[in-house]
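Novice: Quick one: the structure is below, and I'll ask about it shortly.
The values are calculated or read from the model by the stated rules, or taken from the named source; none is laboratory data. Quantities reported herein were computed from a predicted structural model and do not represent experimental measurements. As a convention, Cβ positions derive from the backbone with ideal geometry for all residues, glycine included, and neighbour counts pool all protein chains shown. Protein only, heavy atoms only, side chains kept; ligands, DNA and RNA dropped before computing areas. Shrake-Rupley method; radii C 1.70, N 1.55, O 1.52, S 1.80 Å.
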Amino acid sequence: MSIQKISLTVSPYILAVCLSSQGWAKGLDTLQADGQKAPAANAPLPGGAPTPASDTVPAGSSAIQPAIQTVPPGTSVAASTVDRLYLASSFSWINLSGSKGDWVTGTTADIEAGYRFLTVLQKFDLFGTFRYRPTEALVQQDNREYRAIVETYLFGANGRMALNSKIAVNASAELGMSQTHLNSNDSLPTIDQSLEKSGVDLNLGGGVSYLVLEKFAVGGKLTLGTGAYKSVQLGVDLRFML
């Protein structure tokens, strides 16, 4: 084959390679120029404010922190230390009299239960109460003597105010019914029906209690009653918290 034919065969290929290399180089130059024109990710916005990055969090004292409430050391939330339920019993001297006859009384013992339903300012507690008080008496009427049992059922409220962790003052108001059962003390079996009666009684009282143990308090109380029977009761109160 002659050199002229070889040159004619190879020349188109050489020309194609040259053209493609020039286009590739021009494409690189175009991409580089476009990359220089693109704005930086953190380039400042018009007005001088920097563009915030989506994956950054402000640092320093201006960062938003969740509000946390703390309790100063050595302090605690106050709570009532009084138990909700209590049982009490008192041993008292009592002077009780009815509307007729001469009444002689001595001592009595009663039973009381209370339920706390209100606390104010962590110092004042209010209880709903029930108290049962049986009282034995000797009654003289028209030269006859009777042995009487007066049963009193009282419902009311008892307020307790703590002076400190051990001492508290108490006040009560009660309303209820009293009924009398008579037995003759002489040879005659009949009784005077006018002495055996029932009626409404109102009792007001107050006292002081001292917490001896965690669940046990001892105190004194004075109660005055009026209504179907007049009474004065002074004694020692024993209270068990439940």
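Novice: How much net charge surrounds A162 when only other residues with a Cβ under 12 Å from its Cβ are counted (Lys, Arg +1; Asp, Glu -1)?
Specialist: On the way: positive: K123, R160, K166; negative: D125.
That works out to +2.
Novice: With respect to the cross-link table entries K166/K221; K197/K221; K123/K230, which display a Cα-Cα separation exceeding 24 Å?
Specialist: Cα-Cα > 24 Å for K197/K221; K123/K230; rest within.
Novice: Here is a follow-up. Carbon and sulfur atoms: what percent of the 1.4 Å accessible area of the stretch 149-212 do they account for?
Specialist: Taking all protein chains in place, the stretch 149-212 shows 65 percent carbon and sulfur surface.
Novice: If only Cα atoms are counted, what is the Rg of the stretch 81-181, and what is its Dmax, in Å?
Specialist: Looking at the stretch 81-181, its Cα Rg and Dmax stand at 17.2, 58 Å.
Novice: With a cut-off of 18 Å, note down the residues of the stretch 95-136 whose backbone N falls inside the zone around a label point 7 Å from the Cα of L188 toward its beta carbon.
Specialist: Residues 100-103 fall inside that zone.
Novice: Mind ranking 174-187, 127-140 by how tightly packed they are, going by the mean number of other C-beta atoms within 10 angstrom, highest first?
Specialist: Numbers: 174-187: 15.0, 127-140: 18.8.
In decreasing order of mean packing, 174-187, 127-140 become 127-140, 174-187.
Novice: Under the Karplus relation 6.51 cos²θ - 1.76 cosθ + 1.60, θ = phi - 60°, what is the ordered set of whole-Hz ³J(HN,Hα) values for the stretch 100-109, x standing for Gly and Pro?
Specialist: Running phi through 6.51 cos²θ - 1.76 cosθ + 1.60 with θ = phi - 60° gives 10, x, 9, 10, 10, 10, x, 10, 8, 9 Hz.
Novice: Under 15 Å from a point placed 7 Å out from the Cα of K215 along the Cα-to-Cβ direction: which residues of the stretch 79-119 have their backbone N that close?
Specialist: So the set is 82-88.
Novice: Starting from the Cα of K215, draw a straight line to each of the aspartates and glutamates and keep only those under 15 Å, dropping any in the same chain fewer than 8 residues away.
Specialist: Output for K215: D83, D237.
Novice: Right, another one. Using 0.36 nm per residue, how much length does the chain from Q140 to L121 gain when fully extended, once their Cα-Cα distance is taken away?
Specialist: 1.7 nm
Novice: When N counts the residues of the stretch 168-240, how does its alpha-carbon radius of gyration compare numerically with 2.2 N^0.38 Å, as a ratio?
Specialist: Values: Rg = 17.4 Å, N = 73, 2.2 N^0.38 = 11.2 Å.
Scaled against compact globular proteins, the figure is 1.55.
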